[in-house]
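Colleague: Below are the structure tokens for one structure; questions will follow.
The values are calculated or read from the model by the stated rules, or taken from the named source; none is laboratory data. Every value quoted in this text rests on a predicted model; they were computed, and no experiment measured them. We place every Cβ from the backbone using ideal geometry, glycine too, and count neighbours over all the protein chains shown.
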Amino acid sequence: MKKTYIAIVAALLLAVTVHAQEQAASGYSPTSLYTLSWSLSVPLGSFNNFINNVSPAGGNFAGRYLLKKGFAVGFEFGWNNYYKKYPRNTYYGPDGLAITGIHYTYALLVPWKVGAYYYFLPSGIADPYVGLSLGGDYMEEHIMIQEYDIYNTQWGFTMSPEVGVLIKFGKYSHWGANISAQYWFNTNSYNFTDYKTFSTMQGLNFSIGLTYMLR
Amino acid sequence: MKRKIKMLATAAAVVFMTSCATYPGLDSRLAEDLVDITKYDVKTDFTQFKTFSIVDSVSVIYDNDSSKVLNSQAQALLNQIVGDMQSRGYTKVDRKTGNPNLGINVGVVKITNVSYYYPGWYWDYGYYNPAYWGYPSYEYWYPYYPPEVTSYSTGTVIIDMVDLKNAPLHNNKIYVVWVAIIRGLMTGYHTTQDVLDNVDQCFAQTPQIRTNS
């Protein structure tokens, strides 16, 4: 008899716990969300030879639309500034030009992408996701020596896998935080005639942002 | 609560500022150091020249004034250029009697009125003219697109190497086969020795100037 009681209490407790867990997990599943993020970028590969400083100067804006069962599509655009001061050295340009001085190497990267994402717990407080985005990168590379600005602009194809987590500020809050890590590479390359060269760019971006969600 | 908002605002401002932080502006870049800009005519074979001559003083060009200067600094500047030319195998000869293959003009521009943008404008402002080299009806000519220098207000040394040997073949034009520009004389505390070191650098970054191929 005692055993039956224990079994019933245990079953009730389990049911209550399961119910409580479901309650916690079932806030609401947003239909769309918009995130403004600050983004820190680490240049990798040959781009790292060009500018080997971490860029704290960047941001992005992303919109995502949830379809069914956690699948989502979205867009993203952003920017990152990369900058490094090099000690006095000589830049050899085309047509017999040479300039010696302190070099400021600077790059601006502006990605425009669309992507597909999968959210593991769309109605959870904390909702981890994975995604892949594709698009184009607008880019400028500059070497500045006093008033001289030797620069190039280009567009390249870009691709970036991403992992992240969306954290709602409350079960029913429209606001949340988005934390993500993106690895990216693009087809941009540049050759500053024997000086600074990179072929294909790669980097790792860490973003933290504020998200507004629509039900 | 107020304190929290303040902290958030500060954090947002820091993020915003780091997002905008990039390279320093032009004014601070100009103030940094001497910069050496050289350009040579890639179609010219410098080994065809064996002799050179150099002006006997330095043209100094101010806003509304110019003069020929031969003080100790100017002499040191001319001597440095002569030394660099001789180290590349060229022989210094007399301007009038030695029939030099190359002529070297040296000027210093110290103006505050930054209204001159086209290259070679200083040729009309108290610079050594082609008559100095025995070609009164000729004009100087860059056979390439010369480096533009807009901020003359920072003080600039200009060295023009002119091709006297082939002048008669160039349709009344004396080609400037090499131009060297040292920028930033008035921006810092640069000594004469700094300027002379930069003259050496101008030659160092143009190894094409030599008598032996």
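Colleague: Just to check your reading of the model, which residue among A:116, A:107, A:126, A:98 is modelled with pLDDT of 90 or more, more than 30 Å from residue A:213 (Cβ to Cβ), out of contact with any Pro (no Cβ under 8 Å at 6 or more places or on another chain) and not aromatic (Phe, Trp, Tyr)?
Modeller: A:98
Colleague: For segment A:65-83, give me each residue that is of a type in the set (A, V, I, L, M, F, W, C) and either more than 10 Å from chain B (Cβ to nearest Cβ) or buried (at least 20 other Cβ atoms within 10 Å of the Cβ) (or both).
Modeller: Residues of segment A:65-83 of a type in the set (A, V, I, L, M, F, W, C): A:66-67, A:71-73, A:75, A:77, A:79.
Once the filter is applied, which keeps residues that are of a type in the set (A, V, I, L, M, F, W, C) and either more than 10 Å from chain B (Cβ to nearest Cβ) or buried (at least 20 other Cβ atoms within 10 Å of the Cβ) (or both), segment A:65-83 yields A:66, A:67, A:71, A:72, A:73, A:75, A:77.
Colleague: Any residue at all in segment B:101-108 that is at pLDDT below 90 and either closer than 25 Å to residue B:211 by Cβ or outside any strand (DSSP E or B) (or both)?
Modeller: No, that holds for no residue.
Colleague: If you scan segment A:87-142, which residues turn out to be of a type outside the set (A, V, I, L, M, F, W, C) and closer than 30 Å to residue B:44 by Cβ? Lay out the reasoning, then the answer.
Modeller: At the first step, the residues of segment A:87-142 found to be of a type outside the set (A, V, I, L, M, F, W, C) are A:87-96, A:100-101, A:103-106, A:111, A:113, A:115, A:117-119, A:122-124, A:127-129, A:131, A:133, A:135-138, A:140-142.
The answer is A:88, A:89, A:90, A:91, A:92, A:93, A:94, A:95, A:96, A:100, A:101, A:103.
Colleague: Still on this structure, please answer the following. Given the conditions (1) crowded, with 21+ Cβ neighbours inside 10 Å; (2) modelled with pLDDT under 95; (3) touching an Asp or Glu at 6+ places or on another chain (Cβ under 8 Å), and given that residue A:133 satisfies all but one, which numbered condition is not satisfied?
Modeller: Here residue A:133 meets the rest and fails (2).
Colleague: Still on this structure, I have one more. Within segment B:38-64, how many residues are away from chain A (no Cβ under 14 Å), closer than 17 Å to residue B:185 by Cβ and not aromatic (Phe, Trp, Tyr)?
Modeller: Here the count works out to 5.
Colleague: Residues of segment B:109-125 being modelled with pLDDT under 75 and in contact with an Asp or Glu (Cβ under 8 Å, 6 or more places away or on another chain), which ones?
Modeller: Of everything in segment B:109-125, those that are modelled with pLDDT under 75 and in contact with an Asp or Glu (Cβ under 8 Å, 6 or more places away or on another chain) turn out to be B:112, B:113, B:117, B:119.
Colleague: Considering each of B:82, B:58 in turn, give the residue that is at pLDDT 95 or above and among the β-branched types (Val, Ile, Thr).
Modeller: On the way: B:58 fails: at pLDDT 95 or above.
Checking each option against the conditions leaves just B:82.
Colleague: In segment A:148-179, which residues are touching a residue at least 24 places away in the same chain (Cβ under 8 Å) and among the acidic types (Asp, Glu)?
Modeller: Correct list: A:162 only.
Colleague: Scanning segment B:154-193 for residues that are among the charged types (D, E, K, R) and more than 12 Å from every other protein chain (Cβ to nearest Cβ), which turns out farthest from residue B:102 (Cα to Cα)?
Modeller: Among those that are among the charged types (D, E, K, R) and more than 12 Å from every other protein chain (Cβ to nearest Cβ), it is B:173.
Colleague: May I ask you to list the residues in segment A:84-130 that are surrounded by 18 or more Cβ atoms within 10 Å (Cβ to Cβ) and under 19 Å from the mean Cα position of the chain (by Cα)?
Modeller: A:107, A:108, A:109, A:111, A:113, A:115, A:117, A:119, A:127, A:129
Colleague: Then there is this: Regarding residue A:95, is this residue facing chain B (nearest Cβ under 8 Å) and of a type in the set (D, E, K, R)?
Modeller: yes
Colleague: So, of the residues in segment A:98-114 that are at the interface with another protein chain (Cβ under 7 Å from one of its Cβ atoms) and among the small types (Gly, Ala, Ser), which turns out to be nearest to residue B:194 (Cα to Cα)?
Modeller: So, considering only residues that are at the interface with another protein chain (Cβ under 7 Å from one of its Cβ atoms) and among the small types (Gly, Ala, Ser), the one nearest to residue B:194 (Cα to Cα) is A:101.
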